[in-house]
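> What follows is a single structure, and I will ask about it in a moment.
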Amino acid sequence: MKREAEVEEGNRKTRDFHAQSILVVGFLGGIAVAAMLLVIQAKSTFAVPNIVFGFRLGADAYFHFIISLLALDTIIFAFSGFAMIFTASGMLKDKGLLKHFITVTFALGFCGFVIALMSMLNAVSKVGFWVAIGFIVVLLIFLNLSFDEQTRPDSSSGKTARRLSAWLSSLRSNRSNNKNSQNETIATAIPASVEVTKVEESTKEASPRN
């Protein structure tokens with residue numbers, strides 16, 4: 001009975017995860033469609049000679065590269081979300097080939113989405129492209145550390161992640177303490193100001209009588 005309860009709990013968590021993932025897949029797929037329409041409407045902006053993975057492409061070839069990447073990305077997200085519907089609803093279990101299909105299509109769709117956006121940015125701004133590349137590298141490092149903190153806590157990256165997490169928690173705690181101290185100062189200052197106001201008002205009332 002305990003084993004069956006654990007299995008059912010795991011299946012329920014998987015269904016909830018896929019139900020939430022469908023929203024993410026639909027959102028990213030919608031952005032990909034909107035980006036594809038934008039590129040088609042502004043062909044002159046994105047049809048520029050460029051270098052892709054070491055290969056130099058002409059203006060038309062680079063334009064068709066972006067369009068094809070966005071179209072494939074939309075199709076992949078559509079199939080990934082379609083497969084998640086069956087696992088999220090409980091009609092099929094998340095195992096076997098279906099599990100690998102969902103994982104691979106979601107990973108391919110996400111990577112294709114990032115590459116397509118970077119390709120669009122590379123066509124309009126070289127500076128913005130390299131700034132975004134650096135930002136992506138930083139995010140990937142933080143994401144990898146976050147995973148290692150829970151999956152490989154005894155590794156060097158896992159220990160680094162714990163130290164970084166403790167440092168961020170201390171910053172947040174100090175900020176919360178400073179905010180509380182400011183609120184306490186304000187709370188004590190308000191009654192004092194009220195008393196001063198009352199004394200001034202009583203003094204003004206007493207002056208005409210004198």
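The values are calculated or read from the model by the stated rules, or taken from the named source; none is laboratory data. Computed from a prediction, not measured in an experiment: that's the story for all the values here. Note: ideal-geometry Cβ built from the backbone for every residue, glycine included; neighbour counts use all protein chains shown.
> From the list Ile102, Ile22, Ile31, Ile85, which one is out of contact with any strand residue (DSSP E or B) (no Cβ under 8 Å at 6 or more places or on another chain), under 28 Å from Trp130 (Cα atoms) and part of a helix (DSSP H, G or I)?
The conditions single out Ile31.
> Follow-up. Looking only at residues in segment 126-140 that are surrounded by 12 or more Cβ atoms within 10 Å (Cβ to Cβ) and not aromatic (Phe, Trp, Tyr), which one is nearest to Val52 (Cα to Cα)?
Ile133
> Val33 versus (1) modelled with pLDDT under 85; (2) under 15 Å from Val114 (Cα atoms); (3) touching a Ser or Thr at 6+ places or on another chain (Cβ under 9 Å): which is the lone unmet condition?
Result: Val33 passes all but (1).
> Can you pull out the residues in segment 63-98 that are of a type in the set (Phe, Trp, Tyr) and under 18 Å from Ala32 (Cβ atoms)?
Phe63, Phe65, Phe77, Phe79, Phe82 - these are the residues of segment 63-98 that are of a type in the set (Phe, Trp, Tyr) and under 18 Å from Ala32 (Cβ atoms).
> I would also like to ask the following. Tell me which residues, restricted to segment 44-58, are loosely packed, with under 15 Cβ neighbours inside 10 Å and in a helix (DSSP H, G or I).
Within segment 44-58, Ser44, Thr45 qualify.
> Restricting to segment 77-100, give me the number of residues that are touching a helix residue (DSSP H, G or I) at 6+ places or on another chain (Cβ under 6 Å) and among the aromatic types (Phe, Trp, Tyr).
Going through segment 77-100 one residue at a time, the tally reaches 2.
> Separate question: Step by step: first the residues of segment 94-114, then only those that are touching a residue at least 24 places away in the same chain (Cβ under 8 Å) and more than 18 Å from Gln20 (Cβ to Cβ), then the one that is surrounded by the most Cβ atoms within 10 Å (Cβ to Cβ). Which residue is that?
Gly112
> Exactly one condition in (1) outside any helix (DSSP H, G or I); (2) under 25 Å from the mean Cα position of the chain (by Cα) is not met by Leu72; state its number.
(1)
> A further question on this structure: Could you grab me the full set of residues in segment 48-69 that are of a type in the set (Val, Ile, Thr) and under 29 Å from the mean Cα position of the chain (by Cα)?
Matches in segment 48-69: Ile51, Val52, Ile66, Ile67.
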